[in-house]
Amino acid sequence: MGDTRQGEHPEGDGSASEHESTGDTDSGDRRTEQTAPEPPSEAGRERREGPLHVPVMLDRIVELLAPALTAPGSVLVDGTLGLGGHSEALLRACPTMRLVGVDRDTTALERSAARLAPYADRTHFVHAVYSDIPRALDEAGVTEADAVLLDLGVSSPQLDETDRGFAYAHDAPLDMRMDRSQSLTAAEIVNTYPVGELTRVLRSYGEERFASRVARAIERRREQGPLDSTRELAELVRDAIPAATRRTGGHPAKRAFQGLRIEVNAELSILERTLPAAISRLGLGGRIAVLSYHSLEDRMAKRAFAALATDTTPVGLPVPLPDRQPELRLLTRGAELPSDEENERNPRAQSARLRAAERVRPPRQ
């Protein structure tokens, strides 16, 4: 998941998700931290080597994380490695850092290991969900991380491999598993969840206004036999949504596919565990960056950072208490957005939101 996370794609691009921001996702001006080494241009590589999956907000990620990775033996944890594009840029920019690359998708691990082969002496790969970052560090023999990167959502390769079932533009089995060793699939959800539970998934995770109509349509269809095709599901969702609504906002099935994918992979519950776990293993001066593509993800990152970037001295005391001072310093003002130029070059970046913070004080006891 570490290269191109998916936002709302142009019509026909095959996105399984929308990840759009809402009013809770606030944006602001970028604040430049320390000047970081500048990686070779990804656009230049693309011209020389052909089309690439372009990592979202690559230069800004390097700018934010590289200052924490200058000491010999410093450690970056990429909790959503994907094809390793962000990690590759940081390995180039920080020649003495080490990488602990984590991904729940074994195919992604194999591909990133091949891509990062020139840095084999500085890389360690772990098949795990990103909430298992502490275990991954223990396995690598590392006590603290100097930088943590979480690039959330579904990756370009997962969307582009049509048999994975993430995309509504191609006919494939209803799968949507990021980790194909798990048992729960989208087909099981669609064919076995009660209507109330289906409605919850579509409304809460897909932000689908017509969740109950879509859920009832699925219930009627599955009475005829199992529903196991992405194309059939996409057509069913389209037919269940009012015609006036279908004419705007991209493919009518994008929200339903997003909701199912989040449920299949337990993305929000895993992220809720991941943020405190990752921050707890961040060393003093260490930095964490979170790229999200859905308002709920961004809201969780916002709240996790804000809770630890706040002085918790009780109101009314004359002086701040030393043990109640903030643990984190926010490195971004609100959620940073991709530039217009990047959005034009890489439409899959359009819904990205970036937040970053630095540990300025040891964890509270």
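What to note about this one:
- Per-residue extension of 0.36 nm, minus the Cα-Cα distance of residue 139 and residue 171, leaves a gain of 7.6 nm for this segment.
- Rounded to whole Hz, the Karplus (6.51, -1.76, 1.60) HN-Hα couplings of the stretch 271-285, x for glycine and proline: 4, 4, 7, 5, 4, x, 5, 5, 5, 5, 9, 7, x, 4, x
- Taking 7 Å steps out from each Cα toward its Cβ at residue 246 and residue 179 produces label points 3.8 nm apart.
- Extension gain, residue 192 to residue 204: 0.36 nm times the residue separation minus the Cα-Cα distance gives 2.5 nm.
- Residues with amide H under 5 Å from that of residue 145, placed H, sequence gap 5 or more: 282, 283
- Comparing Cα centroids, the stretch 329-365 and the stretch 242-264 end up 26 angstrom apart.
Taken together, the values in this text are just the output of simple stated rules run on the coordinates, not laboratory data. Source: prediction; values computed, not measured. Reconstructed Cβ throughout: ideal geometry from the backbone, glycine too, with neighbour counts over all protein chains shown.
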